[in-house]
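Remarks on the structure that follows.
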Amino acid sequence: MRGKAINFYAGGNTAKGFYSLFDSSLEGLESVFLLKGGPGTGKSTMIKKLGDEWQEKGYDVELIHCASDNDSLDGLIIPALKFGIFDGTAPHILEPKAPGAAEQYVNLGLAWDTAWLSGKREDILHLQDDIEKMYKKAYQSFEDGLRVHDDLEEIYIAQLDFAKANQLTEELIAKIFQGSKERKREARTKHRFLGAATPEGAVDFIPNLTEGTKRYFLKGRAGTGKSTLLKKIAAAGTRYGFDVEVYHCGFDPESLDMVVIRELEVSVFDSTAPHEYAPSRHGDEIIDLYEKTVEPGTDEKYEARISEVTKRYKQHMNEGIAYLKEAKKLHDRLEQIYLGAIDFSIVDEMYDTINTAITDIADRN
């Protein structure tokens, strides 16, 4: 039987710039390969091929997607083998903690015809500079959008009944952990992104990540305490000794969008734009923080201001996405240059070496 896959991001294009949570994905792995090499060296293709092959062998896998290229992967984890392989090039620089012991580099750049590439040096430098400028503009647009979003939050925070919000949170925590006893074990917390701002707009993997769980849909407005509620649920899960998956906001990584506790088969997530969903599975439940904790009539009272602020916020977000799209176009041109210099027979040999190493790990388990 083919293994299952869960999909998420470990890095994102955010209002804080490129934000990495890759270190969390490396925790607990005993064998790690870090792929080095520039565009067009087949890093993503290799990761995809390995993931597909080991799924076919019946292993569950975790696929880490690239926020800057909707068709690429940044990493693969095979939990049962405590194995991971990652793109270790900028901007997600990953350095081995114990060289030669658990982690090792694979330099796909060895497959390049460096003499041929030297003739393209000026074109490469020019494209790299233009790509960097596009990302800087994108991150500035997202930062501007976050400041506007803060203005939107202020409207609702001023109308929020904190006592009701705390009561609702405690009731939900009691419901989730009903019958659970605190266990004397060190719980693990995995930090990830459920979605990202990409060249094709906002993308998320909520349906995949919440499969097989009792789902709580958090509805509300900016500033109604969704992230705070999620942080308290995550803390409670850790206190009880459960492993917790914490999914950060792909726009503001200091905020949370979802918490999943697999052992309890439960997920709680922010179900508002840009990742808004309606209940579609048995047991799905909506928790509306606006309805339960905010002064009635707030939307109507501040309608004009909310509309104006929301419009400005969307403008900044759309600008940021447009810059990411332009950066992707430039990167594609850069990749085409490198593709002309690659010897894929060498890359295939590297793939076989890594696949053999995984097979050896599987044989020992």
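For segment 101-258, the alpha-carbon coordinates run over 66, 46, 25 Å along the three principal axes, in decreasing order.
Computed from Cα atoms, the angle from the helix 162-176 axis to the main principal axis of the chain rounds to 60 degrees.
Both the radius of gyration and Dmax for segment 248-365 are 23.9, 66 Å, in that order, over alpha-carbon atoms. Computed about its Cα centre, the charge dipole of segment 162-226 is approximately 300 debye, with only Lys, Arg, Asp and Glu carrying charge at their Cβ.
Ligands, DNA and RNA are left out, and with a 1.4 angstrom probe the accessible area of the chain is 49 Å² per residue. Segment 153-168 and segment 265-331 have their alpha-carbon centroids 17 Å apart.
Its residue count N sets the reference 2.2 N^0.38 Å, and the alpha-carbon radius of gyration of segment 139-209 equals 1.64 times that reference.
The calculated 222 nm mean residue ellipticity attributable to helices in the chain amounts to -14500 deg cm²/dmol, summing -39500 (n - 2.57) over DSSP H runs of n ≥ 4 and dividing by all residues.
Per the Debye formula on identical point scatterers at the alpha carbon atoms of segment 208-261, with no solvent, log10 I(q)/I(0) at q = 0.14, 0.22, 0.24 Å⁻¹ is -0.37, -0.90, -1.05.
Which loop trypsin sites (Lys or Arg not before Pro) in segment 111-218, with loop taken from DSSP, have no more than 14 other Cβ atoms within 10 angstrom of their Cβ? Counting only loop positions with at most 14 other Cβ atoms within 10 Å, the trypsin sites (Lys or Arg not before Pro) in segment 111-218 are Lys181, Arg183, Lys184, Arg185, Arg188. If I fit a long axis through the Cα atoms of helix 43-56 and take the longest principal axis of the Cα atoms of the chain, what angle between them do I get, 0 to 90°, rounded to 10? Roughly 70 degrees between the two axes.
Considering only protein heavy atoms and a 1.4 Å probe, what is the carbon-and-sulfur percentage of the accessible area of the chain? Of the solvent-accessible surface of the chain, carbon and sulfur hold 49 percent.
Using Cα atoms only, what is the angle between the long axis of helix 303-339 and the major principal axis of the chain, expressed in degrees (0 to 90) to the nearest 10? Roughly 10 degrees between the two axes.
One quarter of the surface of the convex hull around the alpha-carbon atoms of the chain equals 20.1 nm², the direction-averaged projected area.
Residue-wise HN-Hα couplings along segment 14-24, as the Karplus relation 6.51 cos²θ - 1.76 cosθ + 1.60 with θ = phi - 60° gives them from phi, are 10, 5, 9, x, 6, 10, 9, 10, 4, 4, 5 Hz; Gly and Pro carry x. Once the convex hull of all Cα atoms in segment 190-282 is built, its volume per residue stands at 95 Å³. Exposed loop GluC sites (Glu not before Pro) only (DSSP loop, at most 15 other Cβ atoms within 10 Å): please give the longest stretch of the chain free of them, not including the sites. In short, 31-181. For segment 225-365, a simple Cβ point-charge model (Lys and Arg +1, Asp and Glu -1, everything else neutral) yields a dipole of about 580 debye relative to the Cα centre. For segment 15-145, list log₁₀ I(q)/I(0) at each q in 0.19, 0.21 Å⁻¹, using the Debye formula over Cα point scatterers of equal strength and ignoring solvent, two decimals each. The Debye formula, applied to the Cα set alone, gives -1.17, -1.29.
The values are calculated or read from the model by the stated rules, or taken from the named source; none is laboratory data. Remember, predicted model here, so these are calculated numbers, not experimental data. No Cβ is skipped: glycine too gets one built from the backbone with ideal geometry, and neighbour counts run over all protein chains shown. Calculation scope for accessible area: heavy atoms of the full protein, side chains included, ligands and nucleic acids excluded. Shrake-Rupley method; radii C 1.70, N 1.55, O 1.52, S 1.80 Å.
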